[in-house]
Amino acid sequence: MKFLTTNFVKCAVKSCDASELSFPLKYEECELQLQEHDFNPEFLISMLPRLNWDAIVQVAADLGNTTLPSTKPEGIEDNEQMLKDLHSLLLETQIINGKMTCRHCGHIYYIKDSIANFLLPPHLANS
Amino acid sequence: MSRPEQIAPPEIFYNDRESRKYTESTRVQHIQAQMTLRSLELLNLDPEKTHFILDVGCGSGLSGEILTEENQIWVGMDIAPSMLATALDREVEGDLFLSDMGCGVPFRAGTFDAAISISAIQWLCNADSTTSEPKVRLARFFNTLYAALKRGGKFVGQFYPANENQIIQITSAAKVAGFQCGVVVDDPESKKNKKHYLVLQAGHSDRPLNLGNMEVESTTPKKEKKMSKKMMKALETKKEYIHRKKELMKRRGKTVAQDSKFTGRRRKPRF
């Protein structure tokens, strides 16, 4: 799973929909891998307004990277070095195995072989 | 034609054997590729840009490969583990999620530019267990999809409705969720090649869906049309009947004898 996706995925349980705690999920025991991907600055720029920077910082800290600035840097569009850094963080960093926990209901989702399992047990699926 | 929907739930029907069979069949590959390209044509995305796309029911990534070729970044979700395992073996580019669309699309608001779905949403109309209610699952799916698309986001989903009721069920659920909604039918005359595409738009977009001269509106089947057709049939002559049938078969792609001055002409009486 790409790091970019962690900035969007939230708890699938219906009763967590309204809760702000259901995003971002808490990442634990994650195994990371770098996978090369074509650098595409236009895509990154189009994604910028959609990114939740606080969530990026939080998830990066969960994964052991605490070097990110705490507020969204200004003028990323014109700064090629920054775009490249962001590219390698968002698109080339893959989570291969790991555990995601919802901060609201505490349900644990597992990532195995880079596939995230979002199937819910019956008691959560129909609530 | 057999319908896998009537045999078993998707996660059970698409076992290792079935998903390998499905993915390796060149005929399926060809049809899936065609439908994906047609869906992209309907979506009318800016070809210069890379978009973030959701593929609902991505299966083994046949549609995802086309998205990658078109230089899009995508996330796929599917309920069948074997299908996803096949996708993993084929090293597709997108992120894969093992997830049930009837339980919702687990993404926060405004995530995707667009979403596609190839041969998947008809599964929502099935009640595979005592606890799953198609109406609830459809509503949950379309509500969360509406939220996960950004404003002006579009969805095109090819599906195989079992009957007219399923089309109504699906479109009304989409409309309740807030979508502008319609169904495009390609090749309506051919039983084999007929394809239904559900086209949805979440709010106003600068690049609306590419529907030719059609409008995004609901498709309520007209009741009174049937009666007049019956009357037309009763009134037509034998020659007209033959011409109509030949025309229909031609449109369905069958080989039909050429029309001549003898077509539908009465033969002279013989012993």
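The values are calculated or read from the model by the stated rules, or taken from the named source; none is laboratory data. Predicted, not measured: the structure shown is a model, and the values here were computed from it. Cβ sites come from the backbone with ideal geometry, for glycine too, and all protein chains shown count toward neighbours. Each accessible area value is taken on the protein alone, full model and side chains, heavy atoms only, with ligands, DNA and RNA left out. Shrake-Rupley method; radii C 1.70, N 1.55, O 1.52, S 1.80 Å.
Output yes when any residue across segment B:115-130 is among the aliphatic types (A, V, I, L, M), over 26 Å from residue B:194 (Cα atoms) and open to solvent by less than 10 Å² (accessible area, probe 1.4 Å), and no when none is.
Keep residues of segment B:115-130 that are among the aliphatic types (A, V, I, L, M), which gives B:115-116, B:118, B:120-121, B:124, B:127.
Add one more test, that the residue is over 26 Å from residue B:194 (Cα atoms), and what stays is none.
The answer is no; no qualifying residue exists.
Would you mind stating whether residue B:88 is among the aliphatic types (A, V, I, L, M) and at the interface with another protein chain (Cβ under 10 Å from one of its Cβ atoms)?
Values: among the aliphatic types (A, V, I, L, M): yes; at the interface with another protein chain (Cβ under 10 Å from one of its Cβ atoms): yes.
Taking the combined requirement at face value, the residue satisfies it.
In this structure, does residue A:21 turn out to be open to solvent by 60 Å² or more (accessible area, probe 1.4 Å), more than 11 Å from chain B (Cβ to nearest Cβ), outside any helix (DSSP H, G or I) and among the hydrophobic types (A, V, I, L, M, F, W, C)? Break it down stepwise before answering.
Details: open to solvent by 60 Å² or more (accessible area, probe 1.4 Å): yes; more than 11 Å from chain B (Cβ to nearest Cβ): yes; outside any helix (DSSP H, G or I): no; among the hydrophobic types (A, V, I, L, M, F, W, C): yes.
Judged against the criteria, residue A:21 is not a match.
Give the residue that is farthest from the other protein chains (Cβ to nearest Cβ), with candidates limited to residues of segment B:153-176 that are out of contact with any strand residue (DSSP E or B) (no Cβ under 8 Å at 6 or more places or on another chain) and part of a helix (DSSP H, G or I). Show your work before the answer.
Looking only at segment B:153-176, we keep the residues that are out of contact with any strand residue (DSSP E or B) (no Cβ under 8 Å at 6 or more places or on another chain), and these are B:162-166, B:168-169, B:172-173, B:176.
Among the residues that remain, those that are also part of a helix (DSSP H, G or I) are: B:164-166, B:168-169, B:172-173, B:176.
Values: B:164: 28, B:165: 24, B:166: 22, B:168: 24, B:169: 19, B:172: 21, B:173: 16, B:176: 16 Å.
Selected residue: B:164.
So which of A:90, A:86, A:63 is within 13 Å of chain B (Cβ to nearest Cβ) and not acidic (Asp, Glu)? Working first, answer last.
Working: A:86 fails: within 13 Å of chain B (Cβ to nearest Cβ); A:63 fails: within 13 Å of chain B (Cβ to nearest Cβ).
A:90 is the lone residue from the list that is within 13 Å of chain B (Cβ to nearest Cβ) and not acidic (Asp, Glu).
Condition check ((1) assigned to a loop (DSSP other than H, G, I, E, B); (2) under 20 Å from the mean Cα position of the chain (by Cα); (3) assigned by the TED database to the domain that holds residue B:33) across all residues:
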{"position": "B:88", "(1), (2), (3)": "no, no, yes"}
{"position": "B:92", "(1), (2), (3)": "yes, no, yes"}
{"position": "B:117", "(1), (2), (3)": "no, yes, yes"}
{"position": "B:124", "(1), (2), (3)": "no, yes, yes"}
{"position": "B:132", "(1), (2), (3)": "yes, no, yes"}
{"position": "B:137", "(1), (2), (3)": "no, yes, yes"}
{"position": "B:146", "(1), (2), (3)": "no, yes, yes"}
{"position": "B:151", "(1), (2), (3)": "no, no, yes"}
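Can you name the residue in segment A:25-52 that is open to solvent by 10 Å² or more (accessible area, probe 1.4 Å) and facing chain B (nearest Cβ under 9 Å) and, of all such residues, is farthest from residue A:111 (Cα to Cα)?
Only one residue tops the list, namely A:42.
Name the single residue, out of those in segment B:1-40 being of a type in the set (Val, Ile, Thr) and in contact (Cβ under 8 Å) with a residue 40 or more places away in the chain, that is surrounded by the most Cβ atoms within 10 Å (Cβ to Cβ). Spell out the reasoning first.
Initial filter on segment B:1-40 (of a type in the set (Val, Ile, Thr)): B:7, B:12, B:23, B:26, B:28, B:31, B:36.
Add one more test, that the residue is in contact (Cβ under 8 Å) with a residue 40 or more places away in the chain, and what stays is B:23, B:36.
Details: B:23: 21, B:36: 23.
For segment B:1-40, the residue satisfying everything is B:36.
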